[in-house]
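The values are calculated or read from the model by the stated rules, or taken from the named source; none is laboratory data. Please read these numbers as outputs of a predicted model, since none were measured by experiment. Because the Cβ atoms are built from the backbone with ideal geometry, glycine has one as well, and the counts that use them run over all protein chains shown.
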Amino acid sequence: MDQTQNAEQTEQAVLKRDDWPSPGRAYWGLTVLTIALMVATLDRSIISLLVEPIKADLNLSDTQFSLLTGFAFVFFYAFLGLPIARLADVKSRRVIIGVGIAFWSFATMLCGLAQNFWHLFWARVGVGAGESSFAPATYSIITDSFPPEKLPRAFAINSLGFIAGAGISNLAGGAIITAATAVGVINLPFLGELKPWQLVFILVGLPGFIVAAMMATVEEPKRKGQLKQSGGKAKAIPIREIFGYLKQERRTYAPMFMSLAVKVLLSYGAVLWLPALFIRTHDWTAAKIAFVLGMLSLITAPLGLWLGSTISERWAKAGRNDAYMRLVLYASIGLMPFAIAYPLVDNAWLAIVLYGFNTFIASIGIAPGNAALQVVTPAEMRGQVRALYQFVFNVVGYAAGPLVIALFTDYLFGAEDQLRYSMALLACILAPTACLVTWIGVKPYGESYARAMARYAAGA
(Lines give C-alpha, C1' and ligand atoms only; values in the text may rest on other atoms or scores of the structure.)
Protein backbone atom coordinates (compact mmCIF):
# COMPACT_ATOMS: atom_id res chain seq x y z
CA MET A 1 0.00 0.00 0.00
CA ASP A 2 1.43 3.39 -1.05
CA GLN A 3 1.21 5.53 2.09
CA THR A 4 2.09 8.80 0.35
CA GLN A 5 -0.57 8.39 -2.32
CA ASN A 6 -3.06 7.20 0.26
CA ALA A 7 -2.45 10.26 2.42
CA GLU A 8 -3.00 12.52 -0.58
CA GLN A 9 -6.31 10.88 -1.52
CA THR A 10 -7.93 10.49 1.90
CA GLU A 11 -8.63 12.59 4.94
CA GLN A 12 -7.53 11.45 8.37
CA ALA A 13 -9.59 12.09 11.49
CA VAL A 14 -8.49 15.19 13.37
CA LEU A 15 -7.04 14.41 16.79
CA LYS A 16 -8.41 17.05 19.12
CA ARG A 17 -7.99 17.09 22.85
CA ASP A 18 -11.70 16.34 23.23
CA ASP A 19 -11.31 13.19 21.11
CA TRP A 20 -9.55 11.41 23.98
CA PRO A 21 -11.66 9.95 26.82
CA SER A 22 -11.48 11.77 30.13
CA PRO A 23 -8.63 10.52 32.32
CA GLY A 24 -11.13 8.97 34.71
CA ARG A 25 -12.91 7.01 31.98
CA ALA A 26 -9.64 6.03 30.32
CA TYR A 27 -8.12 4.70 33.53
CA TRP A 28 -11.33 2.92 34.54
CA GLY A 29 -11.36 1.13 31.20
CA LEU A 30 -7.68 0.30 31.65
CA THR A 31 -8.43 -1.07 35.13
CA VAL A 32 -11.16 -3.41 33.86
CA LEU A 33 -8.98 -4.57 30.97
CA THR A 34 -6.14 -5.22 33.41
CA ILE A 35 -8.41 -7.32 35.61
CA ALA A 36 -9.58 -9.18 32.50
CA LEU A 37 -5.97 -9.92 31.54
CA MET A 38 -5.37 -11.18 35.05
CA VAL A 39 -8.28 -13.60 34.70
CA ALA A 40 -7.08 -14.68 31.25
CA THR A 41 -3.59 -15.39 32.58
CA LEU A 42 -4.97 -17.30 35.56
CA ASP A 43 -7.20 -19.49 33.38
CA ARG A 44 -4.44 -20.05 30.85
CA SER A 45 -1.61 -20.89 33.26
CA ILE A 46 -3.24 -22.72 36.18
CA ILE A 47 -2.63 -26.00 34.38
CA SER A 48 1.14 -25.65 34.90
CA LEU A 49 0.65 -26.18 38.66
CA LEU A 50 -1.29 -29.37 38.03
CA VAL A 51 1.35 -31.19 35.98
CA GLU A 52 1.89 -34.17 38.26
CA PRO A 53 -1.72 -35.00 39.30
CA ILE A 54 -3.01 -34.64 35.73
CA LYS A 55 -0.19 -36.78 34.36
CA ALA A 56 -0.81 -39.41 37.02
CA ASP A 57 -4.60 -39.55 36.60
CA LEU A 58 -4.62 -39.44 32.80
CA ASN A 59 -1.37 -41.42 32.34
CA LEU A 60 0.39 -38.79 30.22
CA SER A 61 4.00 -38.24 29.14
CA ASP A 62 5.76 -34.85 29.28
CA THR A 63 5.24 -34.48 25.54
CA GLN A 64 1.49 -35.14 25.81
CA PHE A 65 1.18 -32.69 28.68
CA SER A 66 3.04 -30.03 26.68
CA LEU A 67 0.42 -30.44 23.96
CA LEU A 68 -2.29 -29.65 26.51
CA THR A 69 -0.51 -26.55 27.80
CA GLY A 70 0.53 -25.22 24.39
CA PHE A 71 -0.77 -26.67 21.14
CA ALA A 72 -4.33 -27.22 22.39
CA PHE A 73 -4.51 -23.62 23.59
CA VAL A 74 -3.49 -22.15 20.22
CA PHE A 75 -5.32 -24.68 18.02
CA PHE A 76 -8.23 -22.35 17.20
CA TYR A 77 -6.42 -19.20 18.32
CA ALA A 78 -4.49 -19.39 15.05
CA PHE A 79 -7.68 -19.45 13.01
CA LEU A 80 -9.90 -17.07 15.00
CA GLY A 81 -7.44 -14.32 15.95
CA LEU A 82 -7.35 -12.55 12.58
CA PRO A 83 -11.12 -12.65 11.80
CA ILE A 84 -11.89 -11.35 15.29
CA ALA A 85 -9.24 -8.64 14.86
CA ARG A 86 -10.98 -7.50 11.66
CA LEU A 87 -14.15 -7.13 13.71
CA ALA A 88 -12.22 -5.25 16.39
CA ASP A 89 -11.11 -2.70 13.76
CA VAL A 90 -14.73 -1.75 12.95
CA LYS A 91 -17.13 -3.13 15.61
CA SER A 92 -17.62 -2.69 19.35
CA ARG A 93 -14.43 -3.83 21.01
CA ARG A 94 -15.87 -4.03 24.52
CA VAL A 95 -18.60 -6.42 23.33
CA ILE A 96 -16.03 -8.61 21.60
CA ILE A 97 -13.94 -8.76 24.77
CA GLY A 98 -16.94 -9.43 27.05
CA VAL A 99 -18.18 -12.35 24.97
CA GLY A 100 -14.65 -13.76 24.77
CA ILE A 101 -14.19 -13.62 28.55
CA ALA A 102 -17.44 -15.51 29.18
CA PHE A 103 -16.52 -18.14 26.58
CA TRP A 104 -13.02 -18.90 27.87
CA SER A 105 -14.24 -18.94 31.50
CA PHE A 106 -16.81 -21.59 30.59
CA ALA A 107 -14.15 -23.59 28.75
CA THR A 108 -11.87 -23.40 31.81
CA MET A 109 -14.61 -24.93 33.91
CA LEU A 110 -15.05 -27.67 31.31
CA CYS A 111 -11.38 -28.59 31.88
CA GLY A 112 -12.51 -29.71 35.33
CA LEU A 113 -14.87 -32.27 33.82
CA ALA A 114 -12.23 -33.95 31.66
CA GLN A 115 -11.91 -37.71 32.00
CA ASN A 116 -9.13 -38.33 29.47
CA PHE A 117 -6.52 -36.63 27.30
CA TRP A 118 -8.91 -35.67 24.51
CA HIS A 119 -11.55 -34.23 26.85
CA LEU A 120 -8.94 -31.95 28.36
CA PHE A 121 -7.41 -31.19 24.96
CA TRP A 122 -10.68 -29.87 23.49
CA ALA A 123 -11.52 -27.92 26.64
CA ARG A 124 -8.12 -26.20 26.38
CA VAL A 125 -8.90 -25.50 22.73
CA GLY A 126 -11.97 -23.64 23.98
CA VAL A 127 -9.89 -21.55 26.39
CA GLY A 128 -7.63 -20.51 23.53
CA ALA A 129 -10.56 -19.78 21.22
CA GLY A 130 -12.09 -17.44 23.80
CA GLU A 131 -8.81 -15.67 24.55
CA SER A 132 -8.19 -15.05 20.84
CA SER A 133 -10.71 -12.22 21.11
CA PHE A 134 -8.85 -10.40 23.86
CA ALA A 135 -5.52 -8.97 22.73
CA PRO A 136 -6.42 -7.22 19.43
CA ALA A 137 -9.49 -5.50 20.88
CA THR A 138 -7.77 -4.64 24.17
CA TYR A 139 -4.67 -3.07 22.65
CA SER A 140 -6.87 -1.15 20.22
CA ILE A 141 -8.96 0.33 23.05
CA ILE A 142 -5.88 1.29 25.06
CA THR A 143 -4.18 2.92 22.06
CA ASP A 144 -7.31 5.00 21.39
CA SER A 145 -7.69 5.97 25.06
CA PHE A 146 -4.24 7.47 25.72
CA PRO A 147 -2.00 9.88 23.75
CA PRO A 148 1.14 8.26 22.24
CA GLU A 149 3.51 9.64 24.88
CA LYS A 150 1.45 8.00 27.65
CA LEU A 151 1.19 4.56 26.04
CA PRO A 152 4.25 2.93 27.72
CA ARG A 153 2.78 3.64 31.16
CA ALA A 154 -0.68 2.49 30.07
CA PHE A 155 0.72 -0.75 28.69
CA ALA A 156 2.82 -1.22 31.84
CA ILE A 157 -0.34 -0.96 33.96
CA ASN A 158 -2.16 -3.37 31.68
CA SER A 159 0.75 -5.79 31.81
CA LEU A 160 0.29 -5.91 35.57
CA GLY A 161 -2.76 -8.03 34.75
CA PHE A 162 -0.48 -10.62 33.23
CA ILE A 163 1.91 -10.43 36.16
CA ALA A 164 -0.88 -10.47 38.75
CA GLY A 165 -2.57 -13.31 36.90
CA ALA A 166 0.62 -15.33 37.02
CA GLY A 167 1.14 -14.44 40.67
CA ILE A 168 -2.44 -15.22 41.65
CA SER A 169 -2.28 -18.38 39.59
CA ASN A 170 0.57 -19.43 41.84
CA LEU A 171 -0.64 -18.02 45.18
CA ALA A 172 -4.36 -18.72 44.92
CA GLY A 173 -3.75 -21.79 42.81
CA GLY A 174 -1.42 -23.20 45.43
CA ALA A 175 -3.94 -22.49 48.18
CA ILE A 176 -6.77 -24.03 46.15
CA ILE A 177 -4.67 -27.08 45.38
CA THR A 178 -3.87 -27.51 49.08
CA ALA A 179 -7.53 -27.13 50.06
CA ALA A 180 -8.81 -29.36 47.28
CA THR A 181 -6.25 -32.02 48.11
CA ALA A 182 -7.29 -31.92 51.76
CA VAL A 183 -10.93 -32.37 50.76
CA GLY A 184 -10.04 -35.19 48.40
CA VAL A 185 -12.42 -36.70 45.87
CA ILE A 186 -15.94 -35.23 46.05
CA ASN A 187 -19.26 -35.97 44.39
CA LEU A 188 -21.36 -33.08 43.09
CA PRO A 189 -24.91 -33.18 41.71
CA PHE A 190 -24.94 -33.47 37.89
CA LEU A 191 -21.11 -33.43 37.79
CA GLY A 192 -20.36 -36.69 39.51
CA GLU A 193 -16.99 -37.55 41.01
CA LEU A 194 -14.38 -34.77 40.92
CA LYS A 195 -10.74 -35.11 41.89
CA PRO A 196 -8.84 -32.17 43.43
CA TRP A 197 -7.23 -31.00 40.17
CA GLN A 198 -10.63 -30.99 38.46
CA LEU A 199 -12.18 -28.90 41.22
CA VAL A 200 -9.35 -26.34 40.78
CA PHE A 201 -10.33 -25.72 37.15
CA ILE A 202 -13.99 -25.20 38.06
CA LEU A 203 -13.20 -22.75 40.85
CA VAL A 204 -10.77 -20.60 38.82
CA GLY A 205 -13.22 -20.36 35.91
CA LEU A 206 -16.01 -18.76 37.92
CA PRO A 207 -14.65 -15.17 38.37
CA GLY A 208 -14.48 -14.62 34.62
CA PHE A 209 -18.25 -14.21 34.34
CA ILE A 210 -18.15 -11.24 36.73
CA VAL A 211 -15.39 -9.59 34.70
CA ALA A 212 -17.32 -10.20 31.47
CA ALA A 213 -20.24 -8.23 32.94
CA MET A 214 -17.87 -5.42 34.00
CA MET A 215 -16.98 -4.81 30.33
CA ALA A 216 -20.36 -3.07 29.97
CA THR A 217 -18.95 -0.19 32.06
CA VAL A 218 -15.96 0.40 29.75
CA GLU A 219 -16.17 3.32 27.32
CA GLU A 220 -15.76 2.56 23.61
CA PRO A 221 -13.22 5.29 22.65
CA LYS A 222 -13.20 7.11 19.33
CA ARG A 223 -10.75 5.54 16.89
CA LYS A 224 -7.74 7.79 16.36
CA GLY A 225 -6.32 8.22 12.87
CA GLN A 226 -9.03 6.08 11.29
CA LEU A 227 -9.48 6.74 7.59
CA LYS A 228 -12.76 8.41 6.64
CA GLN A 229 -15.11 6.23 4.61
CA SER A 230 -18.56 6.85 3.13
CA GLY A 231 -20.92 7.97 5.84
CA GLY A 232 -18.02 8.35 8.23
CA LYS A 233 -17.94 4.62 8.94
CA ALA A 234 -14.69 2.73 9.18
CA LYS A 235 -13.98 -0.18 6.89
CA ALA A 236 -11.60 -3.00 7.74
CA ILE A 237 -8.45 -3.06 5.62
CA PRO A 238 -8.20 -6.24 3.47
CA ILE A 239 -5.62 -8.67 4.74
CA ARG A 240 -3.64 -8.49 1.48
CA GLU A 241 -3.07 -4.78 2.11
CA ILE A 242 -1.97 -5.55 5.67
CA PHE A 243 0.66 -7.98 4.39
CA GLY A 244 1.61 -5.50 1.68
CA TYR A 245 2.23 -2.83 4.29
CA LEU A 246 4.23 -5.19 6.49
CA LYS A 247 6.33 -6.17 3.48
CA GLN A 248 6.91 -2.53 2.64
CA GLU A 249 8.00 -1.85 6.24
CA ARG A 250 9.74 -5.20 6.73
CA ARG A 251 12.97 -3.66 8.04
CA THR A 252 10.95 -2.50 11.05
CA TYR A 253 8.39 -5.26 11.50
CA ALA A 254 10.48 -8.35 10.70
CA PRO A 255 12.89 -7.83 13.63
CA MET A 256 9.99 -7.04 15.98
CA PHE A 257 8.13 -10.22 15.03
CA MET A 258 11.25 -12.40 14.99
CA SER A 259 12.48 -11.05 18.30
CA LEU A 260 9.08 -11.72 19.84
CA ALA A 261 9.04 -15.27 18.48
CA VAL A 262 12.45 -16.10 19.92
CA LYS A 263 11.81 -14.54 23.33
CA VAL A 264 8.39 -16.07 23.91
CA LEU A 265 9.66 -19.45 22.76
CA LEU A 266 12.19 -19.20 25.58
CA SER A 267 10.08 -17.52 28.26
CA TYR A 268 6.83 -19.46 27.90
CA GLY A 269 8.62 -22.78 27.70
CA ALA A 270 10.43 -21.94 30.91
CA VAL A 271 7.40 -20.55 32.76
CA LEU A 272 5.19 -23.54 32.05
CA TRP A 273 7.82 -26.07 33.14
CA LEU A 274 9.12 -24.04 36.10
CA PRO A 275 6.94 -25.71 38.77
CA ALA A 276 7.98 -29.13 37.46
CA LEU A 277 11.64 -28.05 37.60
CA PHE A 278 11.44 -27.29 41.32
CA ILE A 279 9.37 -30.39 42.05
CA ARG A 280 11.75 -32.73 40.22
CA THR A 281 15.12 -31.10 40.89
CA HIS A 282 14.69 -29.54 44.33
CA ASP A 283 11.96 -31.79 45.83
CA TRP A 284 9.62 -28.89 46.51
CA THR A 285 5.87 -29.42 46.78
CA ALA A 286 3.47 -27.82 44.31
CA ALA A 287 2.04 -25.63 47.07
CA LYS A 288 5.49 -24.38 48.14
CA ILE A 289 6.69 -23.49 44.65
CA ALA A 290 3.31 -21.88 43.92
CA PHE A 291 3.62 -19.58 46.92
CA VAL A 292 7.27 -18.66 46.32
CA LEU A 293 6.88 -18.01 42.59
CA GLY A 294 3.67 -16.10 43.19
CA MET A 295 5.30 -13.75 45.68
CA LEU A 296 8.39 -13.41 43.50
CA SER A 297 6.45 -12.42 40.38
CA LEU A 298 4.30 -9.92 42.30
CA ILE A 299 7.46 -8.14 43.52
CA THR A 300 10.00 -8.32 40.68
CA ALA A 301 7.80 -7.95 37.62
CA PRO A 302 5.94 -4.77 38.66
CA LEU A 303 9.28 -3.14 39.47
CA GLY A 304 10.55 -4.06 36.03
CA LEU A 305 7.39 -2.77 34.35
CA TRP A 306 7.62 0.53 36.21
CA LEU A 307 11.30 0.98 35.39
CA GLY A 308 10.80 0.07 31.73
CA SER A 309 7.88 2.44 31.22
CA THR A 310 9.63 5.29 33.08
CA ILE A 311 12.89 5.00 31.13
CA SER A 312 11.22 4.60 27.73
CA GLU A 313 8.95 7.60 28.30
CA ARG A 314 11.90 9.79 29.32
CA TRP A 315 13.97 8.67 26.34
CA ALA A 316 11.07 9.27 23.95
CA LYS A 317 10.41 12.75 25.38
CA ALA A 318 14.11 13.51 24.99
CA GLY A 319 13.76 12.91 21.26
CA ARG A 320 15.16 9.38 20.97
CA ASN A 321 13.07 7.86 18.20
CA ASP A 322 14.45 4.38 18.86
CA ALA A 323 13.78 4.57 22.63
CA TYR A 324 11.28 1.72 22.82
CA MET A 325 13.22 -0.83 20.79
CA ARG A 326 16.56 0.16 22.28
CA LEU A 327 15.30 -0.53 25.78
CA VAL A 328 13.93 -3.89 24.60
CA LEU A 329 17.46 -4.67 23.32
CA TYR A 330 19.12 -3.75 26.61
CA ALA A 331 16.64 -5.91 28.54
CA SER A 332 17.30 -8.85 26.20
CA ILE A 333 21.04 -8.56 26.81
CA GLY A 334 20.64 -8.23 30.58
CA LEU A 335 18.50 -11.30 31.14
CA MET A 336 20.71 -13.68 29.13
CA PRO A 337 23.06 -14.94 31.90
CA PHE A 338 20.21 -15.39 34.39
CA ALA A 339 18.04 -17.34 31.93
CA ILE A 340 20.88 -19.81 31.39
CA ALA A 341 22.00 -20.10 35.01
CA TYR A 342 18.88 -20.55 37.14
CA PRO A 343 17.91 -24.05 35.89
CA LEU A 344 21.45 -25.37 36.49
CA VAL A 345 22.24 -24.37 40.07
CA ASP A 346 21.84 -27.01 42.77
CA ASN A 347 20.61 -24.69 45.51
CA ALA A 348 16.86 -24.07 45.22
CA TRP A 349 16.91 -20.62 46.80
CA LEU A 350 19.80 -19.49 44.62
CA ALA A 351 17.73 -20.65 41.63
CA ILE A 352 14.84 -18.51 42.92
CA VAL A 353 17.09 -15.45 43.24
CA LEU A 354 18.48 -15.91 39.72
CA TYR A 355 14.99 -16.42 38.32
CA GLY A 356 13.86 -13.28 40.14
CA PHE A 357 16.53 -11.23 38.36
CA ASN A 358 15.51 -12.88 35.09
CA THR A 359 11.88 -11.86 35.65
CA PHE A 360 12.77 -8.31 36.69
CA ILE A 361 14.97 -7.64 33.66
CA ALA A 362 12.58 -9.31 31.23
CA SER A 363 9.73 -7.14 32.57
CA ILE A 364 11.66 -3.97 31.73
CA GLY A 365 11.13 -4.66 28.03
CA ILE A 366 7.40 -5.53 28.15
CA ALA A 367 5.81 -2.06 28.14
CA PRO A 368 8.13 -0.45 25.56
CA GLY A 369 7.83 -3.56 23.41
CA ASN A 370 4.04 -3.32 23.35
CA ALA A 371 4.10 0.43 22.79
CA ALA A 372 6.62 0.05 19.97
CA LEU A 373 4.25 -1.98 17.82
CA GLN A 374 1.15 0.11 18.50
CA VAL A 375 2.75 3.51 17.88
CA VAL A 376 4.23 2.78 14.45
CA THR A 377 1.20 0.87 13.12
CA PRO A 378 -1.48 2.94 11.32
CA ALA A 379 -4.75 3.05 13.27
CA GLU A 380 -6.86 1.29 10.67
CA MET A 381 -4.51 -1.72 10.76
CA ARG A 382 -3.80 -2.02 14.47
CA GLY A 383 -6.26 -4.79 15.28
CA GLN A 384 -5.13 -7.09 12.49
CA VAL A 385 -1.41 -6.38 12.92
CA ARG A 386 -1.79 -7.01 16.63
CA ALA A 387 -3.58 -10.28 15.85
CA LEU A 388 -0.64 -11.38 13.70
CA TYR A 389 1.70 -10.38 16.53
CA GLN A 390 -0.36 -12.39 19.01
CA PHE A 391 -0.42 -15.30 16.57
CA VAL A 392 3.38 -15.39 16.73
CA PHE A 393 3.25 -14.88 20.50
CA ASN A 394 0.94 -17.81 21.10
CA VAL A 395 1.77 -20.28 18.33
CA VAL A 396 5.54 -19.98 18.66
CA GLY A 397 5.74 -19.26 22.37
CA TYR A 398 2.83 -21.01 24.00
CA ALA A 399 2.65 -24.02 21.67
CA ALA A 400 6.26 -24.58 20.66
CA GLY A 401 8.05 -23.46 23.85
CA PRO A 402 6.71 -26.15 26.21
CA LEU A 403 6.87 -28.74 23.44
CA VAL A 404 10.55 -28.12 22.61
CA ILE A 405 11.55 -28.48 26.26
CA ALA A 406 9.47 -31.65 26.58
CA LEU A 407 11.04 -33.11 23.45
CA PHE A 408 14.53 -32.33 24.78
CA THR A 409 13.63 -34.03 28.06
CA ASP A 410 11.93 -37.11 26.58
CA TYR A 411 14.18 -37.78 23.59
CA LEU A 412 17.50 -35.94 23.99
CA PHE A 413 18.22 -36.37 27.70
CA GLY A 414 15.81 -39.27 28.20
CA ALA A 415 14.70 -38.74 31.80
CA GLU A 416 12.27 -36.49 33.67
CA ASP A 417 14.93 -35.43 36.19
CA GLN A 418 16.98 -33.96 33.31
CA LEU A 419 14.42 -31.19 32.75
CA ARG A 420 16.88 -28.60 34.07
CA TYR A 421 19.30 -29.28 31.21
CA SER A 422 16.52 -29.01 28.63
CA MET A 423 15.63 -25.55 29.93
CA ALA A 424 19.25 -24.39 30.06
CA LEU A 425 19.97 -25.67 26.56
CA LEU A 426 17.02 -23.77 25.12
CA ALA A 427 18.22 -20.59 26.85
CA CYS A 428 21.76 -21.03 25.47
CA ILE A 429 20.36 -21.17 21.95
CA LEU A 430 17.62 -18.55 22.07
CA ALA A 431 18.82 -15.80 24.43
CA PRO A 432 21.75 -14.69 22.20
CA THR A 433 19.52 -15.02 19.12
CA ALA A 434 16.97 -12.64 20.65
CA CYS A 435 19.69 -10.04 21.28
CA LEU A 436 20.95 -10.23 17.70
CA VAL A 437 17.53 -9.95 16.07
CA THR A 438 16.47 -7.04 18.30
CA TRP A 439 19.72 -5.17 17.59
CA ILE A 440 19.09 -5.45 13.84
CA GLY A 441 15.72 -3.75 14.25
CA VAL A 442 16.68 -0.75 16.41
CA LYS A 443 17.70 1.68 13.65
CA PRO A 444 14.81 0.89 11.23
CA TYR A 445 12.38 1.22 14.11
CA GLY A 446 13.66 4.73 14.91
CA GLU A 447 12.95 5.75 11.31
CA SER A 448 9.42 4.30 11.44
CA TYR A 449 8.76 6.02 14.76
CA ALA A 450 9.68 9.40 13.26
CA ARG A 451 7.22 8.84 10.40
CA ALA A 452 4.50 7.82 12.86
CA MET A 453 4.99 10.96 14.94
CA ALA A 454 4.70 13.01 11.75
CA ARG A 455 1.31 11.36 11.10
CA TYR A 456 0.15 12.21 14.61
CA ALA A 457 1.38 15.81 14.23
CA ALA A 458 -0.43 16.16 10.91
CA GLY A 459 -3.65 15.17 12.64
CA ALA A 460 -3.12 17.28 15.75
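Of the residues Leu50, Leu60, Leu80, Leu68, the single one that is over 19 Å from Leu419 (Cα atoms) and either surrounded by 20 or more Cβ atoms within 10 Å (Cβ to Cβ) or touching a residue at least 40 places away in the same chain (Cβ under 8 Å) (or both) is Leu80.
When Leu412, Leu373, Leu430 are screened for being more than 28 Å from Ile96 (Cα to Cα) and within 24 Å of the chain's Cα centre (by Cα), only Leu430 passes.
If you go through segment 406-442 and pick out every residue that is closer than 30 Å to Trp315 by Cβ and polar (S, T, N, Q), you end up with 2.
To keep it simple, each residue is scored yes or no on (1) surrounded by fewer than 24 Cβ atoms within 10 Å (Cβ to Cβ); (2) more than 24 Å from Phe71 (Cβ to Cβ); (3) more than 15 Å from the chain's Cα centre (by Cα).
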| residue | (1), (2), (3) |
| --- | --- |
| Arg93 | no, yes, yes |
| Thr108 | no, no, yes |
| Ala123 | yes, no, yes |
| Ala182 | yes, yes, yes |
| Leu191 | yes, yes, yes |
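Of the helices (runs of 4 or more DSSP H) lying entirely inside segment 23-74, those carrying at least 3 residues that are among the hydroxyl-bearing types (Ser, Thr, Tyr) are 23-45.
Among residues that are buried (at least 20 other Cβ atoms within 10 Å of the Cβ), under 27 Å from Arg94 (Cβ atoms), in contact with a helix residue (DSSP H, G or I) (Cβ under 7 Å, 6 or more places away or on another chain) and not hydrophobic (A, V, I, L, M, F, W, C), Pro221 is included.
Return the residues of segment 41-70 that are within 18 Å of Gly401 (Cβ to Cβ) and small (Gly, Ala, Ser); say none if nothing qualifies. The answer is Ser45, Ser48, Ser61, Ser66, Gly70. Cβ separations smaller than 6 Å between residues 6+ apart or across chains give the following pairs from segment 349-366 residues that are in contact (Cβ under 8 Å) with a residue 60 or more places away in the chain and farther than 16 Å from Val264 by Cα to residues that are assigned to a helix (DSSP H, G or I) and of a type outside the set (A, V, I, L, M): Gly356/Thr300. Taken together, the residues in segment 67-110 that are under 22 Å from Ala213 (Cβ atoms) and among the hydrophobic types (A, V, I, L, M, F, W, C) amount to 15.
Here Asp2 passes the criteria (1) over 29 Å from Cys111 (Cα atoms); (2) at pLDDT 80 or above except the one numbered (2). All conditions in (1) closer than 16 Å to Val385 by Cβ; (2) at pLDDT below 80; (3) touching a Ser or Thr at 6+ places or on another chain (Cβ under 7 Å) hold for Leu80, with the sole exception of (1).
Quick grid of which residues meet (1) under 30 Å from Pro83 (Cα atoms); (2) surrounded by 24 or more Cβ atoms within 10 Å (Cβ to Cβ); (3) of a type in the set (Asp, Glu); (4) at pLDDT below 90:
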| site | (1), (2), (3), (4) |
| --- | --- |
| Gln384 | yes, yes, no, yes |
| Pro402 | yes, yes, no, yes |
| Leu412 | no, no, no, yes |
| Lys443 | no, no, no, no |
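If you scan segment 390-409, which residues turn out to be more than 14 Å from the chain's Cα centre (by Cα) and either more than 12 Å from Leu266 (Cβ to Cβ) or β-branched (Val, Ile, Thr) (or both)? The answer is Leu403, Val404, Ile405, Ala406, Leu407, Phe408, Thr409. Somewhere in segment 130-143, is a residue charged (D, E, K, R), over 30 Å from Ala318 (Cα atoms), surrounded by 23 or more Cβ atoms within 10 Å (Cβ to Cβ) and modelled with pLDDT of 90 or more? No. Elements of the type helices (runs of 4 or more DSSP H) sitting completely within segment 236-318 and holding at least 3 residues that are polar (S, T, N, Q): these cover 250-281, 286-317.
With respect to Pro343, is the statement that it is in a helix (DSSP H, G or I) and not charged (D, E, K, R) true? Here the answer is no, as Pro343 does not meet what is asked. For the residues Leu305, Leu298, the requirement of being crowded, with 20+ Cβ neighbours inside 10 Å and closer than 25 Å to Gly401 by Cβ singles out Leu305.
For (1) aliphatic (A, V, I, L, M); (2) more than 20 Å from Asn370 (Cα to Cα); (3) in a helix (DSSP H, G or I), each residue gets a yes or a no:
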residue	(1), (2), (3)
Asp410	no, yes, yes
Asp417	no, yes, yes
Ala424	yes, yes, yes
Ala427	yes, yes, yes
Cys435	no, no, yes
Gly441	no, no, yes
Ser448	no, no, yes
Arg451	no, no, yes
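Just so you know, in segment 319-349 the residues that are touching a Phe, Trp or Tyr at 6+ places or on another chain (Cβ under 9 Å) and of a type in the set (S, T, N, Q) include one that is surrounded by the most Cβ atoms within 10 Å (Cβ to Cβ), and it is Ser332.
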